[in-house]
């Protein structure tokens, strides 16, 4: 699945373009509001870093999944949100600035927490422990190259050519929807021969983990008094994971195809579920609310 040229080469390029478009919807004021009112960032980070792995442990135990699948489930749960989560937040009319901050902060923090939860899962389910080390500079470089840099370009365009930025907003949403649709087709096609077996082994656990993350984000946002846009951003960040990191850990560092199954299944299922969440967000948040914030 990861070896497809569409995913390995085409997706980063598409995301770079999309993130420029997302930057055109943002101002410095949006990020200042996240810093001045950090409740959304705190709630989202704690839920992402701590609560999601604990939910994975609970689901693996309740569903009595095989040990290797249980470890893989914990690994995908401990991963941060991916850059595509920012696109889903855009499509759902959520708070994009908060989404970007959560993507960056969680990605940096999980450099430490992902190995910790991976080793705990290995010891608990399999009686072993591995020395897991994530590539720090590669992660930082990815965040700068695919998230921060193109967003900064878009914000500069918005400042200097606001009319161009306003016209680009609708185009970015359409382009983003097309990219996600093509990605879903590519992912399903890549595992077409194993899809039913993969779903049988890890489908229920991964679907429940995804739905639990989305539900946790919406519920925690409401209990913490966040706005609808902030709650949607948190929910998307918890539901749309960086499956590439999970596959790197399971296939490259642990060299276990069995442990990679939850990440592979999650990577396919999170997109259609994310689309449903995006449509839900668009149904409850008027476009005028988003425009007034910008």
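Among the residues of segment 210-251, those identified as assigned to a helix (DSSP H, G or I) and in contact with a strand residue (DSSP E or B) (Cβ under 9 Å, 6 or more places away or on another chain) are 210, 213, 236, 237, 238, 239. Considering each residue of segment 73-88 in turn, none proves to be surrounded by fewer than 20 Cβ atoms within 10 Å (Cβ to Cβ) and assigned to a helix (DSSP H, G or I). When residue 70 is tested against the conditions (1) modelled with pLDDT of 85 or more; (2) surrounded by fewer than 17 Cβ atoms within 10 Å (Cβ to Cβ), the lone failure is (2).
From the list 185, 191, 179, the lone residue that is at negative phi, at pLDDT below 80 and either in contact with a strand residue (DSSP E or B) (Cβ under 9 Å, 6 or more places away or on another chain) or loosely packed, with under 13 Cβ neighbours inside 10 Å (or both) is 185. Of all residues in segment 277-294, none are within 18 Å of residue 82 (Cβ to Cβ), surrounded by fewer than 16 Cβ atoms within 10 Å (Cβ to Cβ) and at pLDDT below 90. If we keep just the residues of segment 118-151 that are modelled with pLDDT of 85 or more and over 24 Å from the mean Cα position of the chain (by Cα), which is farthest from residue 59 (Cα to Cα)? Per the criteria, the residue is 123. Scanning segment 29-50 finds one or more residues that are within 21 Å of residue 247 (Cβ to Cβ) and either in contact with a strand residue (DSSP E or B) (Cβ under 9 Å, 6 or more places away or on another chain) or assigned to a helix (DSSP H, G or I) (or both). Considered as a group, the residues in segment 152-171 that are at pLDDT 80 or above and crowded, with 18+ Cβ neighbours inside 10 Å include one that is farthest from the chain's Cα centre (by Cα), and that residue is 158.
The values are calculated or read from the model by the stated rules, or taken from the named source; none is laboratory data. Note that the structure is a prediction, hence the values are computed from the model and not measured. Using ideal geometry, Cβ is built from the backbone for each residue, glycine included, and neighbour counts are taken over all protein chains shown.
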